[in-house]
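I have placed the structure first, in the form of structure tokens, so that the comments after it can refer back to it.
The values are calculated or read from the model by the stated rules, or taken from the named source; none is laboratory data. Because the structure is predicted, anything quoted here is derived from the model rather than measured. Every residue, glycine among them, receives a Cβ derived from its backbone with ideal geometry; neighbour counts consider all protein chains shown. Please note that ligands, DNA and RNA were not included when accessible areas were found on the heavy atoms of the full protein model with its side chains. Shrake-Rupley method; radii C 1.70, N 1.55, O 1.52, S 1.80 Å.
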Amino acid sequence: MNVHARPTPTVQQIIHGDPSPPPGVLTLQSNPQQDTADIPFARYTSQAFFDLEMEKMWRKVWQFACREEHVPEVGDYTVYDIGRHSIVIVRAEDG
């Protein structure tokens, strides 16, 4: 590692260095105080908590299902499983 290299700029530094003004939402910063209490073990083993996460969270947030090179050719596919859901990603003729 080169100890004399310049540090990598932050996302905020890049946004503010752009000659075009960014949308306001991109300039917001938020780092709320985080709770430092231990997470109860039941969060990892509770069926009720799992069901609640599936209902309230996982169907409503972006998921990383695969990379483009995982399905390089037309007809290639991969399956992404999240909880009880399976999603098939298929490379179609239109890319």
Of the accessible area of the chain, computed with a 1.4 Å probe and all protein chains kept, carbon and sulfur make up a percent value of 56
Note on the chain: C-alpha Rg/Rh, Kirkwood Rh, two decimals, gives 1.10
At R0 = 35 Å the Cβ-Cβ FRET efficiency linking residue 81 and residue 35, nearest 0.05, sits at 0.70
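Compare 91, 84 by solvent-accessible area with a 1.4 Å probe and give them largest first, with all protein chains kept in place.
From most exposed to least exposed: 84, 91.
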Once Lys and Arg are counted +1 and Asp and Glu -1 for all other residues with Cβ under 14 Å from that of residue 77, the total becomes -4
To the nearest Å², the heavy-atom accessible area per residue of the chain with 1.4 Å probe amounts to 94
Two pseudo-spin positions, 7 Å from Cα along C-beta at residue 53 and at residue 92, lie apart in nanometres by 3.2
